[in-house]
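Working notes, beginning with the structure itself.
Just so it is clear, none of the values below were taken in a lab; they were calculated from the coordinates. For clarity, every value in this text was computed on a predicted model and none was experimentally measured. Heads up, the Cβs are rebuilt from the backbone with ideal geometry, glycines too, and the neighbour counts pull from every protein chain shown.
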Amino acid sequence: MISLSTLNNTQGQIVASNNLLLDTDDLNNYKGLIVTENGQLTLQARGQLTNWQGNLLSHGDATISVLGVDNAQQGVISSAAHLVIDTHQSLLRNEQGVLFAQQSLHLDSGELNNQQGFINGQTGITINTHNHTLNNQQTQHQGITSQGDIRLQALSVLNNQQGNLSTKGNLVIQSEQIDNQQGNLLSQQQISLTGNTLDNRQGAIQAQQNIEITANREINNQAINAKGSVIQSGATLTLITNHLNNQATKATTAIPTQGLLGHQLILSSHQLDNQQGGIYTTDQLSVNVAQDIHNQQGEILSLGNVNLQGDSLTLHNQHGIIESGQNLRLVLQQFNNEGNIKSHQDALIELQKDLILTQPFTVAGHLAIKTMGDYFK
């Protein structure tokens with residue numbers, strides 16, 4: 001055990017054969033080395049840990065309890081087992097730094113800055129910023145990665161612009177704002193995102209299994225160019241939001257690379273903007289929109305059933321396409337323009353207001369039309 005009011009290990013070395021306990025106010029390990037060759041590393045500091053270009057290495061568990069961590073400029077904090085860092089809601093700075101655990105990694109912090117940094121826990125990562133920001137910008141080739149689950153809890157803002165968050169396990173994020181512009185949120189299992197706003201312009205959110213996104217205010221997946229703006233699930237894609245913007249994502253090739261893609265899709269929203277946008281499923285597509293679907297020049301296509309409904313729903317479909325490989329069901333208040341509507345099996349269309357038909361419906365099976373208003377063609 002080493003106990004000092006302030007420990008300055010600048011360009012120095014502290015090597016322990018077994019366990020090492022450091023008890024201090026502040027620890028400065030600038031270009032220094034602190035290592036346990038066999039045992040655990042425990043740091044208790046009432047002040048800050050500074051580890052610029054330094055190395056804190058443990059061949060066992062590493063537990064760090066301090067009032068702030070500055071691990072910038074190629075600093076490395078590493079454990080051959082579990083790594084736990086608690087900054088007591090103070091800043092954890094890991095710009096161009098490395099936090100690594102061969103087993104699990106747990107971070108309790110205030111603001112966490114991981115710009116151009118690398119955070120890796122091989123068997124899992126848990127991060128709680130206690131309603132502060134997590135900045136993971138410019139980490140395309142590093143970022144936050146794991147072979148196990150990644151859980152980001154109690155974030156005010158997740159800034160993942162040009163960032164990378166990827167895992168072979170599940171990815172769970174609870175953040176009031178998620179900014180994934182030009183960023184990647186990737187999972188080989190499931191993704192769950194919860195918050196108020198999600199900005200995925202030029203970003204990619206992809207999972208081999210289910211994706212569930214709840215954004216109380218808005219999901220913005222509008223395309224800026226031919227890159228990104230894709231939310232893709234290998235199973236069921238569930239989106240719950242007040243406003244979904246999926247404009248300009250319509251496929252330009254046989255295989256869509258932008259827009260909303262899933263085996264199944266479930267959408268609940270107040271408004272859907274899909275002008276020149278693309279929504280594609282290989283099985284069921286179910287959309288419940290309270291007010292407006294804007295699908296002008298857009299595509300809503302499914303190889304399975306399509307179900308679009310809303311008690312006060314107006315469908316704006318001028319030059320748009322809605323097509324089902326199986327049955328089609330539209331339950332609306334009215335069409336603004338019916339556009340191109342196709343079903344390769346049966347179709348049921350229910351309207352609360354008049355049906356003014358300017359283009360024929362294309363239905364391979366039975367067509368049933370119900371309206372509480374008048375029918376004109």
- [ ] Using per-residue counts of other Cβ atoms within 10 Å, averaged over each peptide, order 245-255, 287-297 from highest down.
- [x] 287-297, 245-255
Task: Separation of alpha-carbon centers, the range 206-254 and the range 66-145, rounded to whole Å - done: 28
TODO: Tally the DSSP beta bridges in the range 162-247 and give the antiparallel ones as a percent, rounded to 5.
DONE: 0
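Please compute the Kirkwood hydrodynamic radius of the chain from all pairs of different C-alpha atoms, in Å with one decimal. Kindly include the intermediate steps, with their values, before the conclusion.
Numbers: mean 1/r = 0.0443 Å⁻¹.
Answer for the chain: a Kirkwood hydrodynamic radius of 22.6 Å.
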- [ ] Using label points projected 7 Å from each Cα along Cα→Cβ, tell me how many nm separate residue 102 and residue 242, to one decimal.
- [x] 5.0
Open item on the list: Shape verdict for the range 128-176, please, from the Cα gyration tensor: rounded (a/c under 1.5), prolate (a/b greater than b/c) or oblate.
Closed with: oblate
- [ ] List the aspartates and glutamates whose Cα lies under 19 Å from the Cα of residue 31, skipping any in the same chain that are fewer than 8 positions away.
- [x] 70, 95
Task: Contour minus Cα-Cα distance for residue 25 and residue 368 (0.36 nm per residue) - done: 115.8 nm
Task: Label-point gap, in nm, between residue 154 and residue 38 - each point 7 angstrom along Cα→Cβ - done: 3.9
Open item on the list: Using the Kirkwood radius over C-alpha pairs as Rh, can you work out the diffusion coefficient of the range 89-206 via Stokes-Einstein at 25 °C, viscosity 0.890 mPa s, in µm² per second?
Closed with: 183
Task: Taking the C-alpha atoms of the range 1-119, convex hull volume expressed per residue in Å³ - done: 68
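Place a +1 charge on the Cβ of each Lys and Arg in the chain and a -1 charge on the Cβ of each Asp and Glu, then give the dipole magnitude about the Cα centre in debye, rounded to the nearest 20.
Values: 14 positive and 27 negative charges, 121 e Å.
Computed charge dipole of the chain: roughly 580 debye.
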- [ ] If a/c stays under 1.5 just call it rounded; otherwise compare a/b with b/c (prolate if a/b is bigger, oblate if not). Do that for the range 232-358, with a ≥ b ≥ c from the square roots of the Cα gyration tensor eigenvalues.
- [x] rounded
TODO: Using just the alpha carbons, could you tell me how many Å³ per residue the convex hull of the range 142-235 encloses?
DONE: 77
TODO: Mind ranking 341-350, 163-172, 62-71 by how tightly packed they are, going by the mean number of other C-beta atoms within 10 angstrom, highest first?
DONE: 62-71, 163-172, 341-350
- [ ] Normalising by the residue count of the range 1-189, find the relative contact order in percent from Cα pairs under 8 Å and 6+ residues apart.
- [x] 11
Open item on the list: Taking 8 Å as the Cα distance limit and 6 or more residues as the minimum spacing, I'd like the relative contact order of the chain as a percentage.
Closed with: 6
- [ ] Have a look at 165, 264, 87 and report the one farthest towards the positive end of the charge dipole of the chain, computed about the Cα centre with Cβ charges (Lys/Arg +1, Asp/Glu -1).
- [x] 264
TODO: Among 66, 224, 7, flag the residue with its Cα farthest along the positive direction of the charge dipole of the chain, charges on Cβ as +1 for Lys/Arg and -1 for Asp/Glu.
DONE: 224
Task: Spin-label pair residue 253/residue 65, simplified geometry with 7 Å Cα→Cβ offset, distance in nm - done: 5.4
Open item on the list: For a Förster distance of 35 Å, can you work out the FRET efficiency between the beta-carbons of residue 359 and residue 225, rounded to the nearest 0.05?
Closed with: 0.65
